[in-house]
Structure formats: structure tokens, C-alpha cells
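The values are calculated or read from the model by the stated rules, or taken from the named source; none is laboratory data. Remember, predicted model here, so these are calculated numbers, not experimental data. Reconstructed Cβ throughout: ideal geometry from the backbone, glycine too, with neighbour counts over all protein chains shown. Quick note on the areas: whole protein, heavy atoms, side chains included, nothing else; ligands and nucleic acids left out. Shrake-Rupley method; radii C 1.70, N 1.55, O 1.52, S 1.80 Å.
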Amino acid sequence: MMCRKIKKRTDRVLIACLLVFLLFLTGCWSRRDLTEISIVAGIGLDRTEDGKIILTVQVVEPAAVQSTASGKGGSAQQKPVFAESYEGETVYDAVRGILSVVDKKMFFGSAQVLIIGERLAQDGIEEVLDYFIRDHDFDYEIYILVAKDTTPMEIFEMETDIDAIPSVYIYGTVDNTESRGTVKKTMLIDLIKEMSGNEKQFAIGSITKAGEMRVKTEGVAVFRDGKLAGWMDRYETRGYLFAMDKIKNAIINVPAGNGKIAMEIMRSKGKISVEFNNGELSALIVNVKVYANVGEYKGKGRLETPDSLYELEKALGEEIRKEITMAVEKTQKEYCSDIFGFGSYVRKYHPRYWKKAKRDWLAIFSELPVIVNVDAKAERVGIVMSPIE
Amino acid sequence: MVRRVKKPARIKTETRIPAHKYISSDSNLPVPSTVDEVKTRLSEIFSCCSDFIQREISCGKNRLIKIVVAYLNGFVDKRILNQDVIRPILDFLSNAAMNESMSISEQLKECVVVNNDIKEACNMQQAVDGIVSGEALIFIDGEETALVIGVKAPQGRPVKEPDTEISIRGAREGFVENLLTNTTLIRKRIKNPNLKLEMMQLGKQTKTDVCICYIKGIANEEIIGEVRRRLKKIDIDSVLDVGIIEQYISDSKFSLFPTVGNSEKCDKLAGKLLEGRIAIFCDGTPQVLTLPYLFIESIQNTDDYYDHAIFATVIRFLRLTALLLSTLLPGIYVALVSYHHAVIPFRLMITLAASRQGIPFSPFIEAILMIIAFELMREAGVRMPKPIGQSLSIVGAIVLGEASVAAGIASNLMVIIVSITAICSFVVPPLIRVIMLLRFTVLLAANLMGFLGIIILIVVVFAHLCRMRSFGVPYMAPFSPLTSADLKDSFVVVPIWAMVTRPGILRQEKAEGAKGTKRQEVMLNSDVQKD
């Protein structure tokens with residue numbers, strides 16, 4: 001009796017041991033130490049003249065970053081980052097090919113920005129983005145930018161004194177659009193959504209070089225059918241972002257008398273819709289409601305009366321309306337790209353109409369009149385009401 | 001250690017009987033009737049016992065009555081023996097006022113001996129047991145029984161603050177080795193005849209006094225019965241420490257988690273008793289066992305109840321964090337740097353990578369090396385004589401610090417992690433050893449499978465914890481089963497004036513194999529403390 005009990009117990013222990021040993025058979029697969037990978041900070045994609053893909057990566061040298069941060073080290077210091085590129089038939093080909101010049105395997109999960117070259121953008125970006133969407137290694141919150149008048153390689157080879165890692169610096173400039181609203185913050189995940197839901201009409205923030213050590217992220221690149229159609233400047237971009245309800249905070253200059261009043265947008269609500277007339281689409285509508293504070297009054301004038309504030313509100317609304325109209329009309333007339341997503345709005349709310357208009361939607365879209373309604377409210381004028389005289 | 005080793009049955013029958021019975025043939029025989037016989041018997045039994053003293057006194061009117069006094073030297077208080085026992089006897093016997101109808105020993109017992117603690121020994125076994133436990137034996141020629149008189153001299157160190165359990169507020173008194181002192185300390189705090197102390201002896205060779213202590217009416221009778229049953233089943237030669245009893249009566253003998261608690265602090269024990277727990281005192285051990293012992297008790301401390309409830313609650317959460325950190329932190333670190341680079345924030349990733357640059361070992365090996373170094377130091381620190389402590393701490397600071405980083409053996413961050421782990425493990429003293437072993441397992445799991453491994457391990461450990469019982473009470477109570485009334489003293493401590501009911505879980509559970517009962521019963525059974 002006792003014997004059998006003991007035997008049963010040893011059996012159990014044996015089985016447990018065997019199960020534990022099973023774990024060791026896996027051999028720690030997919031384990032990679034942090035020191036065995038190249039930490040990629042930025043990825044660049046461009047196309048050569050003969051149609052190959054150029055992959056550029058900006059790789060961080062952690063130890064060098066640390067020593068820059070702590071301020072030690074002499075003149076013969078290692079650079080905190082290096083950029084390397086490789087040409088391949090496909091993106092994946094280039095990703096593996098680049099290992100012939102860099103020793104450690106690339107880790108893309110840490111990449112901050114993905115910069116697309118102008119030439120590649122003109123040829124269409126959907127096919128190259130497929131790799132980034134398909135592969136599990138990528139952070140879907142990576143910022144995407146299109147390089148204007150420059151190449152990704154140039155940007156990544158640029159040395160900046162603002163941050164040891166240029167990609168982080170670029171990331172920061174895109175991120176702070178929350179307080180200026182002049183560049184579209186495009187994450188990979190948002191881009192995927194826009195590409196699939198918006199009939200391949202979308203806009204991506206743009207980046208340009210500004211001198212030897214600086215970049216500038218302002219404006220957007222407008223895409224039609226996945227191909228670069230043109231650019232919008234910062235005011236048009238802001239109009240676009242107002243309509244898309246993406247403005248968090250921005251400064252609008254409102255002419256007032258002989259000077260200008262800088263209004264700080266505190267909250268903004270943007271909505272697009274369309275208008276039907278006798279079963280036919282008659283207009284595109286953009287409704288925006290903003291709340292703003294007086295941030296600065298450059299010039300002479302008085303702000304004490306409700307009337308003056310009312311005037312200010314009207315002027316502010318007019319300014320914003322101008323920007324939005326500019327943006328919509330540019331996409332309609334010049335680029336013929338529905339980046340605002342009026343098409344998907346129609347598809348969602350007027351599916352019957354969409355069915356017949358679907359085929360030549362862009363033609364219909366570019367002909368429609370635009371109605372922009374801006375309801376602006378001035379909330380606070382600050383500590384002083386009128387400028388000091 | 002003189003514990004009986006389990007041997008195959010055949011040999012057991014041959015060796016066991018003479019091993020623990022010092023008088024194999026006549027243990028149950030009555031005490032011989034003449035002084036000479038008694039003396040020879042005792043000399044035989046206590047041969048080669050240099051501390052054994054027996055003295056024959058002739059007294060009475062014509063020096064006709066012979067009495068024998070036998071005791072162990074140093075064990076009894078000779079002054080009390082002489083003043084309160086022998087002198088009255090001699091005075092009494094030399095006077096003629098003897099009652100003929102009663103035996104001398106009965107008369108002595110009734111009206112002569114001053115000492116209160118007096119028993120009659122009917123056979124040799126009882127007589128010898130009395131002598132070895134520090135009592136004096138008095139035998140009067142011609143009587144059938146001998147008298148055993150308790151004149152034990154107080155021994156052991158004075159009551160001091162225990163070194164193992166430090167608290168900021170509350171009583172400084174700690175238990176000592178002497179059982180009677182300990183029970184007195186408890187009596188001092190709970191002045192109530194319902195405080196029951198059931199004495200028994202364990203250990204065939206050592207005959208150690210063991211005492212079950214509980215408050216009748218508060219403690220669960222079924223659990224008390226179960227404790228008695230388990231104690232009676234203990235069949236060993238020696239009980240040198242209460243820890244031996246603990247191992248015998250624990251529910252899950254193979255589990256690493258303690259199911260029996262212990263304490264050296266009087267006020268803590270009193271609190272446990274008042275909650276309905278049962279204590280086991282063991283002579284010669286300053287630690288007192290408390291049971292049932294639940295998981296939540298490992299993060300409870302007496303200070304929690306003496307201070308503002310908010311502080312106590314915050315500190316409970318700190319302890320819980322410490323518990324989790326010290327088990328999981330090295331594992332999480334290894335999983336992060338070996339597998340899950342994507343979840344590390346970018347800046348931290350660079351810092352981590354920079355600190356790991358040039359380390360020849362994998363993070364796992366690095367962690368194991370550092371933790372083993374720390375555990376060695378801890379163990380050495382515990383065992384080592386105090387004067388050498390300083391040199392150890394200097395060496396330790398060098399090994400577990402800048403030197404190992406400078407030598408390129410460990411990264412800066414690993415040193416920080418091991419230090420945090422070490423500090424955290426001291427926050428929850430009852431679980432230090434469990435945490436240590438778990439930490440290694442977590443590390444291994446993290447190295448094999450990353451977070452997946454850690455999560456599998458956590459699930460297994462929690463399943464084990466939830467399955468465990470301490471004397472029939474679910475180990476993870478009040479969380480599993482969820483007893484909302486008992487949550488008042490778990491991670492959250494409610495103010496003491498709001499803590500009006502005793503832990504219900506201790507009352508209503510059946511002692512063995514009981515299933516969790518319905519919540520209504522818990523409410524019914526948890527009686528009000530302030531009655």
C-alpha cells in the first residue's frame with residue numbers, strides 16, 4: 001500500500017521533471033540580447049533612377065549616446081549615430097542586404113521616423129509600405145514623413161546639435177505640431193487606415209532641410225491614388241487640419257485695424273459633410289467651431305466692449321475660413337485628390353448615391369462648390385484688455 | 001540532531017523499543033516500598049548522571065522514619081526545597097502530632113509542605129519523569145507512593161526585545177526560552193479564564209513541554225481539535241525547536257510557502273489569539289507558532305494597527321510592491337533585454353543597451369551571478385559572529401558595486417536591480433526564502449520564454465497558492481474565496497474603530513477538507529468583538 005503510494009508520487013515527480021525539461025528543448029529561440037542588435041532610430045526609403053529601392057537606416061550607438069549625454073569624452077569620440085543605405089529589389093531584400101555592411105541584426109521596433117523620398121513618393125508608396133504593415137517588428141506608431149527637395153539619406157547623414165540622435169529630434173518637431181498645427185502628424189497606423197478607407201487619397205507630413213544642421217517639418221504632401229500629387233504650404237495644411245478635426249492648438253493672426261491680433265486656438269471641432277439637392281450632390285460642407293484666446297495684440301486698438309470682441313470673432317472665423325477654402329480648393333483643382341475624405345463620408349451616409357458616383361468620384365469632387373462655416377468664439381483676452389498706451 | 005530516521009519496518013521493531021525507554025522492564029511497576037530499594041532503583045536509572053543527587057534523611061522521634069530526597073542538581077531551587085519542603089517535613093515528623101489514620105505522605109501533602117505544586121507518583125515512570133523535568137522527589141519509607149514537588153529554579157535569559165521582529169510602536173517584550181515565562185507574558189495581556197493553555201509533552205527522549213494556547217469561544221473548536229490530533233500524531237525522539245513541530249503539523253509539507261506562522265512578540269501573539277488563531281508554545285524556543293497562517297499575514301505587521309489606517313494602508317501596498325518586485329524584477333529585466341525590445345521606451349532602450357555594452361555574459365548569467373553573490377553575502381551575514389560584520393559589509397559593497405561594473409562583469413543597471421531586489425526582499429521577512437527560490441525560477445522562465453514564461457509561472461504559483469489550506473482555512477483568504485467582510489484587514493487597513501468583526505474565515509471553516517461556505521454564513525458567524 002505504502003509502496004504503491006510512493007511509486008505514484010515518484011511517477012508524478014518524474015512527469016513534472018520531464019515537463020520542465022521540455023522547456024529547455026525550446027533553446028531560447030528568438031532570444032536576442034540588446035547588445036546583439038542594431039537599434040534603428042530612423043528608416044528612409046527612396047527609389048534609384050533604375051527603379052531599385054534604397055533603404056537607409058539610422059543606427060544608434062548606445063555607448064556613444066551615453067557619453068555625449070554625460071558630457072565626457074574627447075575629440076576622437078565615436079559618433080552617436082551612423083547612417084547606412086543599401087539598394088535592393090524589394091524593401092525586405094534591402095533590409096537583409098544591409099546586413100552585408102552592418103554587423104548586427106536590425107531592430108526596427110525602436111524606429112522613430114520613416115522618411116520617404118520624393119522620387120519614391122511620386123512612383124507610389126503603397127507597395128513599399130506593405131512590408132512595414134506585414135512585418136511584426138514595426139511600431140505602428142512610427143511617424144511617416146515625405147522628404148521635400150531632399151533625400152532620406154541626406155537627412156539621416158545630417159548632424160544636429162539639438163539631440164544626439166537626429167531621428168529623435170525630427171520626431172520631436174513632428175510631435176510639437178500640437179501647438180502649431182502646421183504639419184500633419186502621420187502615424188503608420190493612421191496612414192494604413194486612410195489608405196484603405198479613403199480610396200488611396202491621403203496626405204503625409206513633409207520634411208525639408210533648413211540649413212546644415214536643421215530640418216523643418218511643415219506642410220503636407222498630397223497623394224492621389226497612392227502617388228505624390230503635390231505639396232501644401234503651412235497655411236493650407238492648417239486649413240486641412242482644421243477640417244479634419246486635428247488641430248489641438250494653433251496661432252491665427254487676425255488683422256485688426258492697423259495691426260494684428262494673434263489668436264490662440266484653445267479648442268477646435270471640425271466636421272465635414274455634403275449637401276444634396278434634388279438627389280444630386282450639390283456642395284461640400286466643412287463646419288468648424290473654434291474657441292480662441294487673445295494671445296497678442298500688435299498695434300493699437302481697444303478690446304473692451306463686447307462689440308469689439310464680436311468683431312474679432314468674425315475676423316478670426318474669416319481667417320480660418322480662408323485657410324480651409326484654400327486647402328479644399330487646392331486639392332480639388334490642382335491635385336484632384338480627396339484627402340479630406342468627402343468620398344468616404346458619402347459612401348458611409350449616402351451609399352446609394354455612392355454606388356453610381358464611385359467610378360468618377362474625383363471628377364465630381366473637383367467640380368463641387370465648397371461651403372465653409374466657421375463659428376469662432378473668443379473666450380479670454382488675457383490679463384490686459386487693451387494694449388498699453 | 002537526534003531525530004528518529006525512518007527505517008524499513010523490519011529493523012524498526014528491533015531497535016525502537018530500547019531506544020526510548022530507559023527502564024524497559026519495570027516502568028509501570030509501583031514505587032518500591034523501602035528506602036533502600038528506591039535508592040538502588042534510582043541509582044541504577046541515574047547511573048553516570050553526575051548532577052543527580054539523592055539524600056537519605058533519618059528523622060522522626062527516634063530517627064526511625066527514613067526519607068529520600070532526590071533531584072537533579074542545578075535544576076531545582078535548593079533554598080525553596082529546603083525551606084518550604086524539607087524543613088516543614090522534618091519539623092512535622094519530629095513532632096508527635098501525627099494522624100494515625102492517614103499515611104504520612106498524604107499528611108505531608110495535605111498540611112505540611114508549603115509548596116503548592118505537589119503531585120503523587122504511583123510508579124517509577126512518573127517519579128523519574130518528575131525528576132528529569134526539574135522536580136524534587138520525596139519518598140517516605142514504607143509508603144506506596146512518592147511525592148513529586150515542583151521546585152524548579154527559574155532559568156534562562158530575561159525577557160528582551162526580540163531581534164528578529166522589530167517594530168516601532170508596541171510592546172518591546174519578546175518571548176524567551178522558558179515556557180512558563182512565555183505563557184505568563186500572554187496571560188498578562190489577556191486576563192481572561194477563557195485563555196486556555198493545554199500542556200502536553202513531545203519527544204520520547206527530550207520530553208519537551210508543548211502548550212496549545214487559544215481563547216475558548218473565539219477560536220474554532222474544530223481547528224483546535226485538529227491541532228491536538230496532529231500534535232498527538234507526532235512520534236519523534238526530540239523536539240529541540242518549535243520548527244520541528246511546525247514541519248510535522250504543516251498542511252502542505254512540500255510547499256515552499258509557510259502554512260504555520262511564528263512570532264516572538266507578545267503583543268502580536270495576543271492579537272492573533274484574539275482573532276481566533278491558535279498558538280503553540282514549545283519549551284526551549286522563543287518562537288511561538290500561530291495557526292492557521294494565511295498568505296495575507298506575511299504582509300501584516302503589528303505596527304499597522306497602532307498607527308493611522310491610511311499610513312498602514314500605504315505601507316501594506318509598499319510591502320506588496322516589494323514582494324512583487326523582489327520576485328519579478330530580475331526576471332522582467334532579463335525578459336525585456338532578451339526578448340521584448342519593442343516594449344522598452346526608446347530612450348530607456350539606449351540606456352539599457354549602453355549599460356550592457358561590453359558585458360561578456362548574457363543577462364541571465366549576469367543576473368544569476370549577481371544574485372548568488374548577494375545571497376552568499378546575506379547568508380554569511382546571518383551566520384557570522386557580529387564583530388566580523390563590518391569587514392563583510394565592506395567586501396560586499398565592493399563586490400556588489402562599482403568593482404563588478406568596472407571589471408566588466410555586470411552592468412550598472414544589474415547592480416541597481418539586484419540591490420533593489422535585495423532591499424525589497426527584506427521588507428517581507430516571513431517570505432524571504434520563498435522569494436529567493438521563486439526569483440531564480442522566474443529568472444529561468446524569463447530566460448527561456450520571456451514574458452510568456454513569467455506569466456505561466458505566475459499562473460502556476462497562484463494556482464498553487466489558491467489550492468493551499470492551512471488547517472482547513474483557504475490560504476489565500478480573504479481573496480480566494482472572496483470574503484468581503486475580511487477585506488478590511490488585507491491590502492487596505494480600515495481604521496481600528498471600524499474593524500469591529502473578527503476574521504470570519506477562521507470561524508466558519510471546517511477543519512479538514514471543508515469547502516468554502518456561503519457568504520451569509522460568514523456574516524452570521526463573524527461575531528462582534530466589542531461585546
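Can you tell me the Rg and the Dmax, both Å, for the Cα atoms in region A:94-233?
Computed over the Cα atoms of region A:94-233, radius of gyration and Dmax are 14.7, 43 Å.
Across region A:30-45, in residue order, what do the Karplus-derived ³J(HN,Hα) couplings come to in whole Hz, using 6.51 cos²θ - 1.76 cosθ + 1.60 with θ = phi - 60° and x for Gly and Pro?
So the Karplus estimates, Gly and Pro as x, are 6, 7, 9, 6, 4, 7, 9, 10, 8, 7, 7, 9, x, 10, x, 10 Hz.
Let's test this: bin the Cα-Cα distances of region B:286-396 at 10 Å from zero up to the farthest pair and state each bin's percent.
10, 23, 28, 27, 10, 1
Can you tell me the FRET efficiency between residue B:58 and residue B:132 if r is taken as the Cβ-Cβ distance and R0 is 22 Å, rounded to the nearest 0.05?
After rounding to 0.05, the efficiency reads 0.25.
Per the helix-only calculation at 222 nm, which mean residue ellipticity applies to chain A, given -39500 (n - 2.57) for every DSSP H run of n ≥ 4 and division by its residues, nearest 500 deg cm²/dmol?
-10500 deg cm²/dmol
Can you pull out the chymotrypsin sites (Phe, Trp or Tyr not before Pro) in region B:368-455 that DSSP calls coil and that have at most 12 other Cβ atoms within 10 Å?
Those that pass, being in a loop and sparsely packed, are B:426.
I'd like the FRET efficiency for residue B:464 and residue B:320, computed as 1/(1 + (r/R0)^6) with the beta carbon distance as r and R0 of 22 Å, rounded to 0.05.
Approximately 0.75, to the nearest 0.05.
Of the accessible area of region B:179-305, with the probe set at 1.4 angstrom, what percent is carbon plus sulfur?
It is 53 percent, rounded to a whole number.
Please report Rg over Rh for chain A, where both radii come from the alpha carbon positions and Rh follows the Kirkwood definition.
Taking Rg over the Kirkwood Rh, I get 1.13.
For region B:307-467, what are Rg and Dmax over the alpha carbons, in angstrom?
16.9, 50
Under a point spin-label approximation (7 Å from Cα along Cα-to-Cβ), what is the residue B:36-residue B:340 distance to one decimal in nm?
Reported label-point gap for residue B:36 and residue B:340 is 8.9 nm.
Enter the angle in degrees (range 0 to 90, nearest 10) between the Cα long axis of helix B:363-383 and the first principal axis of the Cα atoms of chain B, meaning the one along which they spread out most.
Result, in degrees: 30.
With only Lys, Arg, Asp and Glu charged, each at its Cβ (+1 for the first two, -1 for the last two), find how big the charge dipole of region B:283-381 is about the Cα centre; round to the nearest 20 debye.
Dipole magnitude for region B:283-381 comes out near 580 debye.
What is the angle, in °, between the Cα long axis of helix B:9-20 and the longest principal axis of the Cα atoms in chain B? Nearest 10 is fine, range 0 to 90.
50
Which three numbers, in whole Å and largest first, are the semi-axes of the equivalent ellipsoid of region B:451-502 derived from its Cα gyration tensor as √(5λ)?
So the three semi-axes of region B:451-502 are 28, 14, 7 Å.
Show the residues, 5+ positions off or on another chain, whose built amide H is closer than 5 Å to the amide H of residue B:237.
For residue B:237, whose amide H was placed from the backbone, the distant partners under 5 Å are B:4, B:204.
Evaluate E = 1/(1 + (r/R0)^6) for residue A:162 and residue A:192, where r is the Cβ-Cβ distance and R0 equals 35 Å; express this FRET efficiency to the nearest 0.05.
0.70
Taking each residue in A:53-63, count the Cβ atoms of any other chain within 10 Å of its Cβ, then average. What number comes out?
2
Place the peptides B:363-371, B:216-224 in order of packing, highest mean first, counting for every residue the other Cβ atoms within 10 Å and averaging per peptide.
B:363-371, B:216-224
Whose amide H sits under 5 Å from the amide H of residue B:302, counting only residues 5 or more places off or on another chain, with H placed in the peptide plane?
When sequence neighbours closer than 5 places are left aside, there are no close amide H contacts.
Among B:454, B:193, B:279, flag the residue with its Cα farthest along the positive direction of the charge dipole of the protein assembly as shown, charges on Cβ as +1 for Lys/Arg and -1 for Asp/Glu.
My answer, from the dipole projection, is B:193.
log10 I(q)/I(0), Debye, Cα-only chain B, no solvent, q = 0.10 Å⁻¹?
Rounded to two decimals, the profile gives -0.97.
In degrees between 0 and 90, to the nearest 10, how far off the longest principal axis of chain B does helix B:221-233 point, with axes built from Cα atoms?
Taking Cα atoms only, the helix is inclined about 70 degrees.
Of B:78/B:191; B:66/B:204; B:78/B:119; A:184/A:300; A:248/A:298; B:160/B:253, which ones are farther than 27 Å apart at the Cα?
Long pairs (Cα-Cα over 27 Å): B:78/B:191; B:66/B:204; A:184/A:300; B:160/B:253.
State in Å² the accessible area per residue of chain B; use a 1.4 Å probe, count heavy atoms of protein chains only, and round to the nearest integer.
Averaged over the residues of chain B, the accessible area is 49 Å².
Ranked highest first by average number of other Cβ atoms within 10 Å, how do B:325-338, B:405-418 line up?
Ranking the peptides B:325-338, B:405-418 by packing returns B:325-338, B:405-418.
May I ask which residue of B:38, B:236, B:154 lies farthest towards the positive end of the charge dipole of chain B, with charges of +1 (Lys, Arg) and -1 (Asp, Glu) on Cβ and the Cα centre as origin?
Of B:38, B:236, B:154, it is B:236.
Any idea what log10 I(q)/I(0) is at q = 0.09 Å⁻¹ for region B:179-305, Debye with uniform C-alpha scatterers and no solvent?
For the requested q values the scattering log ratios are -0.23.
Count the net charge of all other residues whose Cβ sits under 15 Å from the Cβ of residue B:316, scoring Lys and Arg as +1 and Asp and Glu as -1.
Computed value for this residue: -4.
Label residue B:235 and residue B:222 with points 7 Å out from Cα along Cα→Cβ: what is the distance between them in nm?
In this crude label model, residue B:235 to residue B:222 measures out at 2.8 nm.
Roughly speaking, what is the stretch gain from residue B:369 to residue B:51, that is 0.36 nm per residue apart minus the C-alpha to C-alpha distance, in nm to one decimal?
Going from the current span to full extension adds 109.2 nm.
With each pseudo-label sitting 7 Å past Cα toward Cβ, what's the residue B:103-residue A:6 distance in nm, one decimal?
Once both label points are built, they end up 5.0 nm from each other.
From other protein chains only, count the Cβ atoms within 10 Å of every residue's Cβ in B:355-366, then give the mean.
Mean inter-chain Cβ contacts per residue within 10 Å come to 3.
Beta carbons within 10 angstrom, averaged per residue: use that to sort the peptides B:377-385, B:299-307, highest first.
Most protected by this proxy first, the peptides run B:299-307, B:377-385.
Can you give the average number of partner chain beta-carbon atoms within 10 Å of each beta-carbon in peptide B:339-345, as a whole number?
That works out to 4 on average.
What are the extents of the Cα atoms of region B:173-249 along their three principal axes, in Å, largest first?
35, 30, 16
Could you work out what % of the accessible surface of chain A is carbon and sulfur, using a 1.4 angstrom probe and leaving DNA, RNA and ligands out of the count?
Accessible surface attributable to carbon and sulfur in chain A totals 52 percent.
As an exercise, take the mean of 1/r over every pair of distinct alpha carbons in the protein assembly as shown, invert it, and state the Kirkwood radius in angstroms.
After inverting the pairwise mean of 1/r, the radius is 36.4 Å.
Based on DSSP, what percent of beta bridges with both residues in the protein assembly as shown are antiparallel, to the nearest 5?
Taking every DSSP beta bridge within the protein assembly as shown, about 80 percent pair in antiparallel fashion.
For chain A, return all DSSP H helices satisfying: extent of Cα atoms along own axis at least 24 Å; mean Kyte-Doolittle hydropathy at least 0.5.
A:2-25
Positive end of the charge dipole of region A:237-389 (Lys, Arg +1 and Asp, Glu -1 on Cβ, about the Cα centre): tell me which of A:335, A:239, A:371 has its Cα farthest that way.
Farthest towards the positive end: A:335.
In Å² (nearest 100), what accessible area is buried between A and B, both sides summed, heavy protein atoms only, 1.4 Å probe?
Roughly 2200 Å² of accessible surface disappears when A and B pair.
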